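> This is the structure I want to talk about, given as C-alpha cells.
Read-outs throughout are calculated quantities, based only on the coordinates presented, and are distinct from any laboratory measurement. Please read these numbers as outputs of a predicted model, since none were measured by experiment. Every residue, glycine among them, receives a Cβ derived from its backbone with ideal geometry; neighbour counts consider all protein chains shown.
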Amino acid sequence: MREKKEQDRRERQVGSQICITRQFLLTSIIKIAAERAKVLAEDATAYDYDGVYDDMKQTAKQQTEKKAADRARRQVRKISFLIQLFFVTHPLSYISPNISITY
C-alpha cells in the first residue's frame, strides 16, 4: 500500500514537471514568434539567408574574374617585355638584314 502511494506521488510529480515544461515551451515559442515578427516588420530581408549567400558568391566570382584578367594582362606585359629585351640585345640586323621592326 505504501509503495502504491509513493508511486502515485512520483507520477503526479513527473506529470507536474511535464506540464511546467510544456507551458515553458509554449511561452518560449510565442515569444520567439513575436520577436521574429517584430524583426521582419523592421527589415523584411532579415532572414534572407539565400540572398546574402548569393551576393557573397557573386562578389567572390567578380573578384576571381578581376584577378584572372589582371593576371592575363601582367602575363602579356611580361611576354612583351621579354620580346623587346630580346630584340634590344639581339637586333634583327645581326640575324637578317632584310627584316625591320618598328616600335
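> Over the Cα atoms of the range 1-47, each weighted equally, I'd like the Debye log10 I(q)/I(0) at q = 0.32 Å⁻¹, rounded to two decimals.
Values returned for q = 0.32 Å⁻¹ are -0.99.
> How large is the dipole of the chain about the Cα centre if only Lys and Arg carry +1 and Asp and Glu carry -1, each at its Cβ, rounded to the nearest 20 debye?
Here the chain has a charge dipole of around 380 debye.
> Follow-up question, since we're still on this one. Taking 0.36 nm per intervening residue step and subtracting the Cα-Cα distance, what contour gain separates residue 83 from residue 20 on full extension?
Working: separation 63, 0.36 × 63 = 22.68 nm, distance 8.33 nm.
Taking residue 83 through residue 20 to full extension adds about 14.4 nm, to one decimal.
> Given the DSSP H assignment, sum -39500 (n - 2.57) over each helix run of at least 4 residues in the chain and divide by its residue total; what's the result at 222 nm in deg cm²/dmol, nearest 500? Don't jump to the answer; show the numbers that get you there.
Details: 3 runs with 86 residues, N = 103.
Result for the chain, helices only: -30000 deg cm²/dmol.
> Please compute the modelled spin-label separation between residue 8 and residue 49, points set 7 Å along Cα→Cβ, answer in nm with one decimal.
5.0
> From largest to smallest, what semi-axes in whole angstrom does the chain give when each is the square root of 5 times an eigenvalue of its alpha carbon gyration tensor?
Values: eigenvalues 1390, 82, 8 Å².
After scaling each eigenvalue by five and taking roots: 83, 20, 6 Å.
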